Every structure is written in structure tokens, then in C-alpha cells.
Amino acid sequence: MDNSQIAGIVISLMVIHLVIGLPLFVVLAVGSLSLIGLTGAYSLSSLSTTLFASLDSWALLAMPLFILAGEVISRGRIARDLINLGEALVGWLRGGLGMATIFGCFFFAGTSGSSSADTATIGKIMVPALKRKGYDPSYAASLAASGGILGVIVPPSLIFIIYGIATATSVGDLFVAGILPGFMIAFGLCVANYLVCRFGIWGASERTAFSGATALKALWQARYGFGAPVVILGGIYGGFFTPTEAAAVAVGYVFLVELFLAREIKFSEIGDIFTAASRTTGILAPIIAFSILFAEVLAILRVPSTIVEVFTSFEVSFVVSVALIVLMLLVIGCLLEPIAAILVIMPILYPIGQQLGFDPVHFGVFVVSTLSVGFITPPVGINLFAASAVSGEPFMRIAVRAIPAFVALILICFAIAFMPSTILWFR
């Protein structure tokens, strides 16, 4: 049995272990060690060095810092101000409160970098309000779940940081490239919500009168919320600091706002905030370490290059190739959390993207956008679990109500793939 066959068997067993619910870092660790032991392609003496080096990264330090910033914001006033702004801007349209939920997620995404934090924070505030206005409770929860996807598209995005590290792509470029696709996704979700409210039975046709004065007031109150993305992107592209330093500045900024300006967080809560952020980081760290080890072993065994050769041997058009990639990413997104998926599949998928002529930044936004659909698809569906937790609605009922959003997201992913100018406009 050659190394390719061994790798195929091990990877198949890893998928089975994921399906039955084994923790991802355990699956990656056992899979990597199995490949090393069965093929002898990697030295066990360098194992600890590789695991340590995978986390000993200046760029990766941005991840726990952005997690900490998102934890601060989710407990303070910034989130509520951003939601009020969304309602003031689109509340006068049919299904306006649902649209306000989506735009609340869009604005909050500019400070959190996390999809589940987006869903949970906005959902706690908006789901009860949507239910009072006559929205189906599960559909209200699905709006928070689908809108939460914006947390990994609109900068700063934790997944863009991971993709940048995995593919040696500029994180700053990825951040800027995610702005317009984020708006496209928000707009597409709003259109889907409008159609549900206009022709379906889950939504409500409520409207509020538009007031320019109210919108301006909401815009002024939300000024602190806009400060974080302005500081992050302005600092990076102004040459004042790197993305990692921008993350540290963002942490300082949100603490300054919530402790001293808005005064929504007390000093006694700081310990709990750091504990929650550390817990999230602690979950991600071993996944990242073992996924990088797994990718190195696959590279030594030439698994990615073999798959690229097989993929490119098919005489199919660019459109069909993109459709196949979308299908593969949708399946993977159903089984893996996107950060883990990026680390596991990019050694294989990135060369395929290069072979098809994708720019690394364009390909990153396309891949992350498509994988993020998995946030609202069973069985993993992290946003569905978060929305279920804050609303009390059943997981599968929320998933069914998210079907209109799912269709809209697929269409937008294809638009992103075939319209590179929407990604690379800043070049």
C-alpha cells in the first residue's frame, strides 16, 4: 500500500470521527500521528518543535486580541447603538425590523470579528423585538443566525487572519477586500427577508416612519462603534501599525469606550471578560497547532499536489470548476467550523485556486464567504446553535427558516467568484 492510499484511508477515518462528534483537535492530532507512524514521512523528534512554531506567530497574536475586543463590545453599549442605527436606516421598509437585525450584525461585525458573537449579541436584543412585531419566533432567530455570518466577512475577521497565515496573504488586504462583499451579503439577506415578509408567512410587514433627525441622532450615538474599524483599517493602511498591532489598539479602544466614555462595563467585570476570551482562544489554539502539523505531513506526502493534478486533468470550464469548488466548500462547511476548515483544506485547495487563475486575496474572500454558509447549515451550524441558545427555539426549526438566507448566500458567493472587481477594487 503506497502513501497516497494510506493518506486516503486516514482522512476517511478522520471524517468519520468528526461525524460521530470527536473533538476536532483530537481528530487532527490522531490523524497526523497516524500518518507519521504509518508512512514514516515525518520525524517524531521534530514534533514538539513544529507544534510550538505553529503558534509562535506574531500575526496569529491578532486572533486572541480581536476575540478579547469582541467580548468587551458584546457586553457594552456599542452593540445596542449599532442596532438602533440599523433600525433608523431601514426600519421604514417592509420587513424593516428584520433588515435592522441584519444591518445591526453588519455594523457589529466591524468590531467583533466573530460570527457566533455577532449572532448571540444581536440575537439577545433583536429576537424578542421581532417576536413582538409578529415575526415567527424561529424565523426571527434565523435572521440573527444568518446575519451573524457577516462577523467573518466584514473586517476585522478572525478567519481572514487564519487564511492570511495559512497562505502567506496580506491580512490587511483581506480586511479591505471584505468590506464590499460584506455589504453585498447584507443586501442579499435583506432582499431575502423582504421577499419572506412580502410573500411568506414567517415575517411581518411592519414599518416605521422614516425620520432624518432620528437617523442622524442614531448615527451620532453609534460613533463609538464606527471608531474601531476606522482605527483598525486606517491604522493598517496609513502605515501606523500592523494588523496585530491594530488588534491591540482595538482592545485598548473598546476598553476606553466602555469603561470611561459609555461606562457600560465595570472594572469588576474585567476578570470575567478575560476569562471568556481566554476560554475561546484556548479552544482554537490546539486546533490551529495540529492542523498545521497535519498540513505539513500532507505536503510531505504530496497529497495536495496529487489532488491538484487530478482536479486540473478534467476538461471542464472555469464556471464548472467554480461550481465544484462551491459544492465542496458547502459540504465541508456542514462538517467543520470555518477556521478549522481553512487550516485543513487550504494546503489542497489553494493550489487549485492558483491553477484557475484566482488572485490570492480574491480567492480568500470567495472561500471564506462560501465556507461561512456552513454557519447556518446542519449538523455543525454554529450560528444555529447560538441563535437557539438565545431564543429558545429548536435548532432544526431555525435551520428550516434559514433556507431563504441560504439561497441568497449561494447566489452572492457565485457573484463574488465571478466579479473580482468587487474584491480587488482598492488596488
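The values are calculated or read from the model by the stated rules, or taken from the named source; none is laboratory data. Please read these numbers as outputs of a predicted model, since none were measured by experiment. Quick reminder, even Gly has a Cβ in these numbers, built from the backbone with ideal geometry, and neighbours come from all protein chains shown. Ligands, DNA and RNA are excluded from the accessible area calculation, which covers all protein heavy atoms including side chains. Shrake-Rupley method; radii C 1.70, N 1.55, O 1.52, S 1.80 Å.
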Cα-based Rg of the chain normalised by 2.2 N^0.38 Å, two decimals
0.98
Relative contact order %, the range 147-216, counting alpha carbon pairs below 8 Å whose residues are six or more apart:
25 percent
What's the magnitude of the charge dipole for the chain around its Cα centre, counting Lys and Arg as +1 and Asp and Glu as -1 at the beta-carbon? Answer in Debye, nearest 20.
1320 debye
Using +1 at the Cβ of each Lys and Arg and -1 at the Cβ of each Asp and Glu in the chain, identify which of I423, I292, G31 lies farthest towards the dipole's positive end.
I423
If DNA, RNA and ligands are ignored and the probe is 1.4 Å, what is the ranking of S12, S46, S369 by accessible area, most exposed first?
S12, S46, S369
Over the range 192-251, what relative contact order in percent results from Cα pairs under 8 Å that are six or more residues apart?
19 percent
Alpha-carbon spread of the range 184-262, three principal axes, descending order, Å
49, 27, 21
Dipole moment magnitude, nearest 20 debye, the range 37-127 about Cα centre, only Lys, Arg, Asp, Glu C-beta charged
260 debye
Relative contact order of the chain: what whole-number percent is it, with Cα pairs under 8 angstrom and at least 6 residues apart?
24 percent
Cα-based reach from K131 at 20 Å (exclusive), listing aspartates and glutamates while leaving out same-chain residues under 8 positions away:
E87, D118, E206, E393
Name the lysines eligible as straight-distance cross-link partners of K266: C-alpha to C-alpha under 30 Å, and not fewer than 8 places from it in the same chain.
K124, K217
How large is the accessible surface per residue of the chain, computed with a 1.4 Å probe and reported in Å² as a whole number?
40 Å²
Over the range 227-377, what percent of the accessible surface lies on carbon and sulfur atoms, probe 1.4 Å?
69 percent
Okay, helix-only estimate at 222 nm for the chain: each DSSP H run of n ≥ 4 adds -39500 (n - 2.57), divide by all residues, round to 500 deg cm²/dmol; what do you get?
-24000 deg cm²/dmol
Cα Rg, Dmax, the range 276-427, angstrom units
16.9, 50
Local charge sum around T49 (other residues, Cβ-Cβ under 15 Å, Lys/Arg +1, Asp/Glu -1)?
-2
Cα-based Rg and Dmax for the range 43-198, in Å, come out at 17.9, 64
